[in-house]
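Heads up, the thing below is written out as structure tokens.
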Amino acid sequence: MKMRKKPGGVLGIVAVTAAVALSLSGCRGDSGGQGGGSASSPGITDSAITLGITTPLSGATAGPGKCTVAGVSAYFGAANAAGGVKFGDGKTRTVNIKSYDDAYDPQKSLANFQQMVSDNVFAATAGLGTPTNRAFRDAAISQKVPQVLVMTGDPLFSDRKQSPWQLGFVPVYQNEGAAFGKLLAKSGAQHKVAILSQNDDYGKGYVSGFKEAIQGASNISVVGEQTYEATDTSVDAQLTQLASSGADVFFNAMSITPLTIASLQKAQQIGWKPSWFLPSNTSSPTAILEPGGASAYPGIYSVSFAKAPQSPAFAKDPDVVKFLDELKKYGNYPDMPAFPHCMWSYMVGATLEKAFQNMKEPTRDSFMTALRDIKDLKAPLMLEGTSVNTTVDGQPAVSSVVVQKYNGKGYATAENFG
């Protein structure tokens with residue numbers, strides 16, 4: 001995928017509309033959303049709305065980062081081409097996307113948010129990363145700018161009291177860890193588990209969810225635990241230590257793509273071949289499992305709520321066919337998606353559209369009210385048994401997941417472990 005970078009780390013308005021650049025002057029003030037006739041918030045006119053995405057478009061996490069832009073751009077590119085999105089106030093608007101590269105650097109993401117404010121962006125959305133989203137959370141609250149449907153499983157973003165202008169999109173880390181823990185516990189067989197986790201809220205969330213799920217399960221024992229820093233370039237020492245534990249299951253709560261690939265390769269080199277659990281954002285068959293040689297292991301498990309286009313089971317699925325066409329045409333992403341974030345951000349587009357349709361006034365307050373009133377939305381690409389529900393305080397837009405097992409090409413639902 002090729003994207004031309006512009007000065008200051010801003011990639012400019014993604015090609016989701018052929019309209020000329022919009023002047024957003026005169027769209028100042030926030031309404032409070034309490035009645036008719038309120039002044040429009042920044043970033044919205046009678047004919048258009050502008051959303052911003054700060055996400056890693058360069059560096060080690062650029063692959064999933066680019067997907068967060070491509071999916072949303074594909075969704076609204078198609079909507080714009082069909083005439084735009086009809087909002088709850090009766091007006092039809094095009095949806096413009098501005099993307100900003102933060103290279104997974106919290107300082108850059110904060111600077112990008114400040115630039116968004118200067119650029120009169122209505123809301124920040126879809127950006128990847130816990131530390132990068134946390135970096136401007138306080139500023140977004142202070143300036144009453146929505147920071148919503150972001151790609152972090154940090155529960156803080158779905159706590160309405162602590163984060164009144166935020167909402168996460170993907171399941172909280174604890175939910176993913178718990179889903180695998182429950183599958184393992186119900187297997188009945190004896191298993192020894194080794195854990196490697198990122199030393200931050202991301203890793204701690206996965207581990208706490210897993211441990212809560214296996215609590216009281218007499219067939220599961222944790223025999224080794226190690227951590228690593230997100231800035232580390234190698235975890236060879238930790239893997240060697242964990243391999244000596246004799247664990248037959250490896251719970252790897254890792255968010256860095258190159259480290260995950262290297263871990264899959266290193267474990268084979270030292271003769272350790274347990275079954276693996278990988279988080280949903282570092283379990284891509286083509287970008288991670290294939291180069292890591294994952295077929296050498298008895299099982300690679302992950303969780304998902306999205307249909308995987310590369311899976312033979314979904315090759316002719318109408319949602320998938322439409323998505324791939326729009327991703328290529330409007331998302332500037334001609335290849336088969338290597339990361340689930342492409343699908344997730346496409347679902348973000350559908351969720352945003354639903355909120356726009358129920359938004360009675362052109363204000364941020366009205367938008368947040370509408371966004372938090374979505375229930376049982378079956379967004380395109382969602383797996384059976386999953387849906388969007390934004391009405392539960394403390395939970396992100398998507399809280400349900402399906403445990404899956406790698407089959408050499410893609411994933412299939414795992415009803416049992418083994």
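Taking 0.36 nm per residue of sequence separation and subtracting the Cα-Cα distance, how much length would be gained by fully extending the chain between D335 and T240, in nm to one decimal? Don't jump to the answer; show the numbers that get you there.
Working: separation 95, 0.36 × 95 = 34.20 nm, distance 3.61 nm.
So the extension gain works out to 30.6 nm.
Provide the per residue accessible area, probe 1.4 Å, for the chain, rounded to a whole number of square angstrom. Please report the intermediate quantities before stating the final value.
On the way: 15890 Å² over 418 residues.
Averaged over the residues of the chain, the accessible area is 38 Å².
Note down the Stokes-Einstein diffusion coefficient of the chain in µm²/s, whole number, using a Kirkwood radius over alpha carbon pairs, 37 °C, and 0.692 mPa s. Provide the component values of the computation, followed by the final result.
Numbers: Rh = 21.6 Å.
Translational diffusion coefficient: 152 µm²/s.
Relative contact order, percent, of the chain when contacts are C-alpha pairs under 8 Å separated by at least 6 residues?
Numbers: 972 pairs, mean separation 84.8, N = 418.
Relative CO of the chain lands at 20 percent.
Along its principal axes, what span do the Cα atoms of segment 80-132 show, with the longest given first and each in whole Å?
Here the Cα extents, ordered largest to smallest, are 39, 20, 17 Å.
Determine the distance separating the Cα centre of segment 139-194 from the Cα centre of segment 343-408; give it in Å without decimals.
Value for the Cα centre distance between the two parts: 14 Å.
Of the accessible area of segment 174-304, with the probe set at 1.4 angstrom, what percent is carbon plus sulfur? It would help to have the intermediate numbers written out before the result.
Details: 2190 of 4770 Å².
Ligands and nucleic acids excluded, carbon and sulfur give 46 percent.
If you place +1 on the Cβ of every Lys and Arg, -1 on the Cβ of every Asp and Glu, and leave all else neutral, what size is the dipole of the chain about its Cα centre, to the nearest 20 Debye? Don't skip to the answer; put the middle values down first.
Details: 36 positive and 33 negative charges, 128 e Å.
Charge dipole, the chain, about its Cα centre: 620 debye, nearest 20.
Set Lys and Arg Cβ to +1 and Asp and Glu Cβ to -1, take the dipole of segment 89-152 about its Cα centre, and tell me which of A111, A123, M151 lies farthest positive.
Toward the positive end, the furthest listed residue is A123.
Based on the alpha-carbon gyration tensor of segment 181-297, what equivalent-ellipsoid semi-axes (square roots of 5 times the eigenvalues) come out, in whole Å, largest first?
On the way: eigenvalues 90, 50, 38 Å².
Semi-axes, largest first: 21, 16, 14 Å.
Please state the equivalent ellipsoid semi-axes for segment 241-321: what are the square roots of 5 times the Cα gyration tensor eigenvalues, largest first, in whole Å? Could the numbers behind the result be given before it?
Values: eigenvalues 140, 26, 26 Å².
Equivalent ellipsoid semi-axes, largest first: 26, 12, 11 Å.
Hey, what number do you get for the chain at 222 nm if only DSSP H runs of n ≥ 4 count, each worth -39500 (n - 2.57), divided across all residues, to the nearest 500?
-10000 deg cm²/dmol
So if R0 is 35 Å, what FRET efficiency would T413 and A39 give, r being the distance between their Cβ atoms, rounded to the nearest 0.05?
Numbers: r = 49 Å, r/R0 = 1.41.
Efficiency at R0 = 35 Å is approximately 0.10.
Write out the trypsin sites (Lys or Arg not before Pro) in segment 262-361 meeting two conditions: DSSP loop, and at most 12 other Cβ atoms within 10 Å of their Cβ. Please report the intermediate quantities before stating the final value.
Values: sites: K266, K307, K316, K322, K328, K329, K354, K360; in loops: K307, K316, K360.
Of the trypsin sites (Lys or Arg not before Pro), the ones in loops of segment 262-361 whose Cβ has at most 12 other Cβ atoms within 10 Å are K316.
If you average 1/r over every pair of different alpha-carbon atoms in segment 245-376 and take one over that average, what Kirkwood value in Å do you get? Each step should come with its number before you reach the end.
Details: mean 1/r = 0.0580 Å⁻¹.
Across segment 245-376, the inverse of the average 1/r is 17.2 Å.
List the lysines whose Cα lies under 23 Å from the Cα of K354, skipping any in the same chain that are fewer than 8 positions away.
K354 reaches K86, K91, K98, K144, K307, K322, K329, K375, K378.
Mind checking the full-extension length gain between K192 and R372? Use 0.36 nm per residue of separation minus the Cα-Cα distance, one decimal, nm.
Details: separation 180, 0.36 × 180 = 64.80 nm, distance 4.15 nm.
Stretched fully, the K192-R372 segment lengthens by 60.7 nm.
Share of Cα-Cα pairs in segment 197-241 beyond 17 Å, in percent? Mind dumping the intermediate values first?
On the way: 420 of 990 pairs.
Above the 17 Å cut-off, segment 197-241 has 42 percent of its Cα pairs.
The values are calculated or read from the model by the stated rules, or taken from the named source; none is laboratory data. If you're wondering where the values come from, they're calculated on a predicted model, not measured in any experiment. Ideal geometry is used to build each Cβ from the backbone, glycine not excepted, and the neighbour counts take in all protein chains shown. Heavy atoms of the whole protein, side chains included, go into the accessibility calculation; ligands, DNA and RNA do not. Shrake-Rupley method; radii C 1.70, N 1.55, O 1.52, S 1.80 Å.
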